[in-house]
Amino acid sequence: MAGRVSGKVALVTGGASGIGRSAAEKLASEGATVVVTDVQDHLGAEVAAGIQKAGGKAEFIHHDVTSEDAWIEVVAQVKARHGRLDILVNNAGIGLGGSVLEMTLADWKKQNAVNLDGVFLGVKHSIPLIREGGRGGSIINISSVAGLKGAPNLAGYCATKGGVRLFTKSVAMECAGAKDGIRVNSVHPGIIETPIWTTVLGGQPGVNAPPDLDAMSELAVPLGVKGVPEDIANGILWLASDESRYVTGAELVIDGGLSVR
């Protein structure tokens, strides 16, 4: 079913690695023009170049999602170069683990700035451009299973991802009320092989090395295996496409059953 998002323009934050990279590549392979943004300039440029080499359309823009001025500039560049925006994937995020008793206020604010403020700013500044296109669009906010259930030593991270979950639902209702054709949904990955694991468990007692995701998954995930970024990208593609035209305010959980165990 090639060309599922053909002719659409997509903006993917945190697109230099992990889920963001896979989402950018997947959307481009299905016909979208993809604007990849990140603070990791070298990796982000590599992603865009790789998409172009494979025959897709992509470009990279340096982007700090915690800066409102940066969001205004990025959206302005998308409008100037492409004239429209149809898909926003708010993927940029960080994970800072550790006891709530030991987490500094600076780290709490830093995690909120990227994971929650970045999503808010993306929605705020992208919706007007999506509306200008006159044919609706899809906003996909990446949350986590940590936005559905609590976990010890992840209070700060859970707070941000839970915030993304309910923020998504509220914006979905606002857009539905405006009859603007914009659908807003959240995606909740489980144990997925991405770089975030090196920091999300870094503050936990006795953790001095990257976790063994295979062992973790065998114990905690009903399907018994970890996920890979493409598993999440496939869900993002579906939400970005017209196949999900009747889906808004929903939670797409992709976790091998982890959240229901």
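The values are calculated or read from the model by the stated rules, or taken from the named source; none is laboratory data. Quantities reported herein were computed from a predicted structural model and do not represent experimental measurements. Cβ: placed from backbone, ideal geometry, glycine included. Neighbour counts: every protein chain shown. Heavy atoms of the whole protein, side chains included, go into the accessibility calculation; ligands, DNA and RNA do not. Shrake-Rupley method; radii C 1.70, N 1.55, O 1.52, S 1.80 Å.
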With respect to the numbered conditions (1) assigned to a helix (DSSP H, G or I); (2) touching a strand residue (DSSP E or B) at 6+ places or on another chain (Cβ under 7 Å); (3) not β-branched (Val, Ile, Thr), which one is the sole condition not fulfilled by Glu46?
(2)
Every listed condition ((1) touching a Cys at 6+ places or on another chain (Cβ under 6 Å); (2) under 30 Å from Gly224 (Cα atoms)) holds for Ile182 save (2)
Determine whether Val171 is more than 17 Å from Gly97 (Cα to Cα) and of a type in the set (Val, Ile, Thr).
yes
Scanning segment 159-211 for residues that are at pLDDT below 95 and of a type in the set (Ser, Thr, Tyr), which turns out surrounded by the fewest Cβ atoms within 10 Å (Cβ to Cβ)?
Thr198
Restricting attention to segment 1-23, which residues are in contact with a Ser or Thr (Cβ under 8 Å, 6 or more places away or on another chain), open to solvent by less than 50 Å² (accessible area, probe 1.4 Å) and part of a loop (DSSP other than H, G, I, E, B)?
Val5, Lys8, Gly14, Gly15, Ser17
Which numbered condition Asn115 misses (of (1) open to solvent by 20 Å² or more (accessible area, probe 1.4 Å); (2) under 15 Å from Gly14 (Cβ atoms); (3) part of a helix (DSSP H, G or I); (4) among the polar types (S, T, N, Q))
(1)
Sort out which residues of segment 81-96 are more than 17 Å from the chain's Cα centre (by Cα), closer than 25 Å to Val171 by Cβ and outside any loop (DSSP other than H, G, I, E, B), and write them in order of number.
His82
Quick count over segment 121-152, residues being closer than 19 Å to Pro189 by Cβ and open to solvent by less than 50 Å² (accessible area, probe 1.4 Å), is 12
With the checklist (1) in a helix (DSSP H, G or I); (2) open to solvent by less than 10 Å² (accessible area, probe 1.4 Å) in hand, flag the one item Val35 doesn't pass.
(1)
Given (1) assigned to a loop (DSSP other than H, G, I, E, B); (2) open to solvent by less than 60 Å² (accessible area, probe 1.4 Å); (3) more than 19 Å from Leu116 (Cα to Cα); (4) at pLDDT 95 or above, identify the lone condition not met by Gly249.
(3)
Pair list, Cβ under 7 Å, 6 or more apart: segment 45-58 residue on the phi < 0 side of the Ramachandran plot, other residue in a strand (DSSP E or B) and among the β-branched types (Val, Ile, Thr):
Val47/Val36; Ala48/Val36; Ile51/Val34; Lys57/Thr33; Lys57/Val34; Ala58/Val34; Ala58/Val36
Based on what the data block shows, is Lys26 open to solvent by 20 Å² or more (accessible area, probe 1.4 Å), closer than 26 Å to Ile191 by Cα and in contact (Cβ under 8 Å) with a residue 12 or more places away in the chain?
yes
With respect to Ser99, is the statement that it is open to solvent by 20 Å² or more (accessible area, probe 1.4 Å) and either at pLDDT below 95 or within 18 Å of the chain's Cα centre (by Cα) (or both) true?
no
May I ask you to verify whether Gly136 is free of Cβ contacts under 8 Å to residues at least 12 places away in the same chain and over 13 Å from Thr168 (Cα atoms)?
no
